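Enquirer: Please read through the structure below; I'll follow up with questions.
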Amino acid sequence: MNSKLKIGIVEDELLIAEKIKMLLMDMGYHVCSVANNYSLAIEMIEKEAPDLVILDIQLAGEKDGIHVAEYIRAHSQNPFIFLTANSDWATVDRAKQVRPAAYIVKPFTKEDLYTSIEIALANFSLYKEQTTGKQDRNFIFIKEGYTFKKLLYTDIRFVESDGNYVNIHTDSNKKIMVRSKLDDLVKRLNSDELIRVHRSYIVNVQHVQGITPTEIEIGSSQIPIGKPYKEELFKLLGIE
């Protein structure tokens, strides 16, 4: 089953924090606990492991949002976005040193938030695909509507090409339509168990329930086996 991406909020103004929270929920994200100072922010990050954090720079206490960003940089590669009223040269110069995914100046709109999150997550997804080995990842980011959602490889039964789209059939019997060519998706699926078996199909070998020389059975679906893919598939399944 695909799960909503988790977003953390670090903001010391209650009304603004609530506005951000409502906008994120409206976009379909799961919102972690709201923190208003450095200590609570670190506690939220450690306990709830957000996929992305929205940070105000001005916080209650001695340490500010840039200190939180430094902690994130030191302990993970997950993206963060500054959302702040501070736009002076000195603050921006400090902020640049921690390489935020985006920098939004208050007041902000839903569109500002949406576009910044989308670009941040898209760039992060690309970064993970380029730098993370197959054994280190067990999920892919899939865009549904306004949000990127995490889909576990184990929950993918098979993928079917449909022109400029692919249909991802999941373990919960849900079909997710994604705008992508099958060739492009193959490059993103860093899993030894997701294998191409036909020019129009990818299957998860863990979900294969039966097989003939020409077809694979997964649930009630019969998936054709293309001749160029048969030898590798049978070898992977231990069939001689």
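Enquirer: Filter the DSSP H helices in the chain by two things, a Kyte-Doolittle mean of at least 1.0 and an axial alpha-carbon span of 18 angstrom or more, and list the hits by number.
Expert: 14-27
Enquirer: Around Ile225, which amide H atoms from residues at least 5 apart in sequence, or from another chain, sit under 5 Å from its own amide H, with H modelled in the peptide plane?
Expert: Glu215, Ile216
Enquirer: Here is a further query. Amide H neighbours of Arg157 under 5 Å, counting only residues 5+ apart in sequence or on other chains, H built in-plane at 1.01 Å?
Expert: Here His169, Thr170, Asp171 satisfy the definition.
Enquirer: Moving on. Lys and Arg at +1, Asp and Glu at -1: add these up for the other residues within a Cβ distance under 12 Å of Ser33 and post the number.
Expert: -1
Enquirer: Related question: Have a look at Asn86, Asn37, Asn204 and tell me which one the Gaussian network model of the chain (Cα, springs below 10 Å) gives the largest fluctuation.
Expert: Asn86
Enquirer: Hey, which of these cross-link pairs are over 18 Å Cα-Cα: Lys6/Lys150; Lys19/Lys110; Lys4/Lys175; Lys106/Lys150; Lys143/Lys181; Lys181/Lys227? Present the calculation step by step, with values, prior to reporting the outcome.
Expert: Values: Lys6/Lys150 10 Å; Lys19/Lys110 10 Å; Lys4/Lys175 16 Å; Lys106/Lys150 29 Å; Lys143/Lys181 14 Å; Lys181/Lys227 21 Å.
Among Lys6/Lys150; Lys19/Lys110; Lys4/Lys175; Lys106/Lys150; Lys143/Lys181; Lys181/Lys227, the Cα-Cα distance tops 18 Å for Lys106/Lys150; Lys181/Lys227.
Enquirer: Now for a separate question. Work out how much length Asp162 to Thr214 would gain on full extension: take 0.36 nm times their residue separation and subtract the Cα-Cα distance, in nm to one decimal.
Expert: 16.6 nm
Enquirer: Follow-up. Report the charge-dipole magnitude of the range 173-236 in Debye, nearest 20, computed about the Cα centre from +1 at each Lys and Arg Cβ and -1 at each Asp and Glu Cβ.
Expert: Values: 11 positive and 8 negative charges, 68 e Å.
Rounded to the nearest 20 debye, it is 320 debye.
Enquirer: Let me ask you something else. What list of ³J(HN,Hα) values in whole Hz, one per residue of the range 195-206 in order, does the Karplus curve 6.51 cos²θ - 1.76 cosθ + 1.60 (θ = phi - 60°) give from phi, with Gly and Pro shown as x?
Expert: In residue order, the calculated couplings are 10, 6, 10, 6, 4, 10, 9, 10, 10, 8, 5, 5 Hz.
Enquirer: Take every DSSP beta bridge whose two residues both sit in the chain, then give the antiparallel share in percent to the nearest 5.
Expert: 65 percent
Enquirer: Would you kindly calculate the translational diffusion coefficient of the chain, applying Stokes-Einstein with the Kirkwood radius from alpha carbon pairs, for 10 °C and a viscosity of 1.306 mPa s, and quote it in µm² s⁻¹ without decimals? Display every interim value, and only then the final one.
Expert: Working: Rh = 19.8 Å.
Here the translational diffusion coefficient equals 80 µm²/s.
Enquirer: Take Lys187 and Glu232, extend 7 Å from each Cα along the Cα→Cβ direction, and tell me the distance between the two endpoints in nm.
Expert: Simple spin-label model gives 1.5 nm for this pair.
Bear in mind that the values in this text are calculations on the coordinates, not laboratory data. These numbers come from a predicted model, not from an experiment. Neighbour counts run over all protein chains shown; Cβ positions are idealised from the backbone, glycine included.
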